[in-house]
Amino acid sequence: MTVGRARQPRAFLDEPGLYDYALKALGRRMRTEAELRRLMRQRVEPGDGGEAMVAGVIAQLKERRYLDDQSFAETYARLRQENEKLGARRVRRDLRQKGIRAELVEEAVDARYGAANEEALARAYLERKRIRKPENEKETARVMRRLVAAGFSTGVITRILRQWDVPDEALMALDGLETDPREE
């Protein structure tokens, strides 16, 4: 058995190095301010000096429009609706988890999903995931859980399942599945 060398701790970055690191992180993928701040804190000395450097780099990135939570939220909501066919509740929850301020989340989700037909979006999601009409209660519960996790309301899920002639007893399980996304 060979023993590997102990990993050397990374040297802390100075402000120009931190700025370069942040640009590279943003170049790999879009990030929120909170995500980028978390990444940069790992690369600076702990304490007030490190926090000041992180704040300075964030300010520079915002000034140059490389970092913008509002455009991130708008793009994220658009892509999740168009590509993944997710519901508004899921997008709202995901954006909050990424550290986007509540008012920006509501603005982006309302703009994107305000006029959207949720039932058509749910059907597109089912088609995209190749989910077929459930044959028994176990499959019905699985379909319900998938649709709730994808961010669709119980009203829409119930309408779809009723059109599939799912028995009312199976639909009763929907009452316990949904939580209000504003409480999360």
Single residue of the range 142-172 satisfying the filter (in contact with a helix residue (DSSP H, G or I) (Cβ under 7 Å, 6 or more places away or on another chain) and assigned to a loop (DSSP other than H, G, I, E, B)) that is nearest to GLU127 (Cα to Cα): ALA150
Tally of residues being surrounded by fewer than 17 Cβ atoms within 10 Å (Cβ to Cβ) and in a helix (DSSP H, G or I) across the range 124-141: 7
Test GLY27 against the stated conditions and say whether it is outside the structural domain of TYR125 (by TED's automatic domain parsing), modelled with pLDDT of 95 or more and surrounded by fewer than 13 Cβ atoms within 10 Å (Cβ to Cβ). yes
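Give GLU35, GLU84, GLU45 a once-over and let me know the one that is within 27 Å of ALA116 (Cβ to Cβ) and assigned to a loop (DSSP other than H, G, I, E, B).
Going through GLU35, GLU84, GLU45 in turn, just one is within 27 Å of ALA116 (Cβ to Cβ) and assigned to a loop (DSSP other than H, G, I, E, B): GLU84.
The values are calculated or read from the model by the stated rules, or taken from the named source; none is laboratory data. All values reported here derive from a predicted model rather than from experimental measurement. Glycine also receives a Cβ, built like all others from the backbone with ideal geometry; neighbour counts cover every protein chain displayed.
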